[in-house]
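Working notes for the structure below.
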């Protein structure tokens, strides 16, 4: 599962995570290089969020090792991990009366004492990098979904972490804002940040990620560039969909789900369930 890049920022060895007495995640040999964008895809319940939380040091695994910039995550304190990792969960809770600048400044809390001037400079640089410097005094409650997502990414990168972990950062956004958010992540990667992004949209994953990790029931099914990982058999087996490949101007392919695959059950007029081929007419 190696990235093939010279400098490995993150590595996972023999990782097992359990929830409620059952195996929730099992990953071995995953590596991420500086400047790389890894997309994690898979159906609901595949283990994407569990993987991100483990990488962020928020879940203690049954066994295995996660190494960040050469250090074992389990041997680091929360503040040390927070300096290395910027993590954005899918669900967040914070006072929306905060301004953008106030939100981003809170991202500096894990850092050692900084002067007021240093804090202001760090916030300004994060806002500029995310292209929202002009929104610094706007309240979160007054922002669009795309603007708000950029503000949260600025919050995650204000500490200048080595690794950025984003759990479905494009959910509930229209296509333009989804693309803007992922272009921003690509820009951060071009500056050396390594990013792991959980995504549901196969087209976005194919378009923006250097490599894809496909998870199913807590285990890796495939990892590599999209063109060598995605095919009709994998999409049918993992996602339960029939998909078609569309050519991209860049010369690559994007996979578009066309219809569910396999049999499903429908309720007849007499209340009994009957098998029906998915995608078939009623």
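In the chain, the longest principal axis of the Cα atoms and the axis of helix 116-129 are about 30 degrees apart. Enter the angle in degrees (range 0 to 90, nearest 10) between the Cα long axis of helix 175-190 and the first principal axis of the Cα atoms of the chain, meaning the one along which they spread out most. Taking the Cα atoms of the chain, the angle to 175-190 is about 60 degrees. Note on Rg and Dmax of the Cα atoms in Å: of the candidates (i) 20.4, 73; (ii) 21.5, 75; (iii) 19.7, 69, the value calculated from this structure sits at (i).
Subtract the Cα-Cα distance of residue 233 and residue 160 from 0.36 nm times their separation in residues, and report this length gain in nm to one decimal. If you can, show how the numbers build up before the last one.
Working: separation 73, 0.36 × 73 = 26.28 nm, distance 4.01 nm.
Going from the current span to full extension adds 22.3 nm.
Packing order of peptides 99-107, 250-258, highest average first: 99-107, 250-258 (average count of other Cβ atoms within 10 Å over each peptide's residues).
Length gained on full extension, residue 60 to residue 102, computed as 0.36 nm times the residue gap minus the Cα-Cα distance: 12.0 nm. Helix 145-157 versus the longest principal axis of the chain: what is the Cα-based angle in degrees, 0 to 90, to the nearest 10? Roughly 60 degrees between the two axes.
Helices in the chain, meaning DSSP H runs of at least 4 residues, each add -39500 (n - 2.57). Divided by all residues, the mean residue ellipticity at 222 nm is -8000 deg cm²/dmol.
Modelled this way, with points 7 Å down the Cα-to-C-beta line, the labels at residue 253 and residue 190 are 2.9 nm from one another.
Throughout, read-outs are computed from the coordinates displayed, never taken from laboratory work. Nothing here was measured: the structure is a model prediction, and the numbers come from that model. Glycine also receives a Cβ, built like all others from the backbone with ideal geometry; neighbour counts cover every protein chain displayed.
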